[in-house]
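Okay, structure first, notes after.
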Amino acid sequence: MTDTELDILAARVGTALATRGWRLATAESCTGGWIAEAITAVSGSSAWFDRGFVTYSNEAKADMLGVATATLATHGAVSEATVREMAEGALARSLAQCAVAVSGVAGPSGGTATKPVGMVCIGWAVHGQPTRTITARFPGDRAAVRRQTVIRALDGILQLAAQQR
């Protein structure tokens, strides 16, 4: 996906959220704020983007989003359990109606046999609904893994918004 296509995707997310009267919060680890950057590149995004949390360390995940230290100790930062708590924490600490959270191993180092480079967990939360999570495996170098994570996170928001018609 080109930069222009990413801009178009972010604008589509904005239209979908604005149509529903929703605001979005992001909780990002491996993308380091790239989802929020893609969103705020869209003119008028202040109408539908509330805030973004960049929580790279486990301490930040716990302090800023309320991720339980037991969750981090048991499942690790890159887990569906952690992104579930990240997304729910972003909702609880914002004025948003929906949130997306990401945590992964972008590489080139840091991978293990059970959590290889390219493994990313994504969670989407909407007030009053069960939080959804996935684990994806993206190919490529660090930039490619991060870009694919941003795209999948935004696509998931579009899917959530479409289901609310």
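The values are calculated or read from the model by the stated rules, or taken from the named source; none is laboratory data. Remember, predicted model here, so these are calculated numbers, not experimental data. In this analysis, Cβ positions are derived from the backbone assuming ideal geometry, glycine residues included, and neighbour counts consider all displayed protein chains. Surface areas here come from the heavy atoms of the whole protein model, side chains and all, with no ligands, DNA or RNA. Shrake-Rupley method; radii C 1.70, N 1.55, O 1.52, S 1.80 Å.
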Step by step: first the residues of segment 53-65, then only those that are touching a helix residue (DSSP H, G or I) at 6+ places or on another chain (Cβ under 8 Å) and open to solvent by 40 Å² or more (accessible area, probe 1.4 Å), then the one that is nearest to ALA25 (Cα to Cα). Which residue is that?
VAL54
Mind listing just one residue for me: the one in segment 111-154 that is in contact with a helix residue (DSSP H, G or I) (Cβ under 9 Å, 6 or more places away or on another chain), open to solvent by 50 Å² or more (accessible area, probe 1.4 Å) and not in a strand (DSSP E or B) and, of those, farthest from THR19 (Cα to Cα)?
VAL117
Is there any pair linking a residue in segment 2-26 that is more than 11 Å from LEU154 (Cα to Cα) to one that is among the polar types (S, T, N, Q) and in a helix (DSSP H, G or I), with Cβ under 8 Å and at least six apart or on different chains, and which?
none
Subset of segment 33-52 [open to solvent by less than 70 Å² (accessible area, probe 1.4 Å) and either in contact with a Phe, Trp or Tyr (Cβ under 7 Å, 6 or more places away or on another chain) or closer than 14 Å to ALA99 by Cβ (or both)]
ILE35, ALA36, ILE39, TRP48, PHE49, ASP50, GLY52
Which residues, taken from segment 102-132, are among the β-branched types (Val, Ile, Thr) and more than 11 Å from the chain's Cα centre (by Cα)?
VAL105, THR112, THR114, VAL117, VAL126, THR131
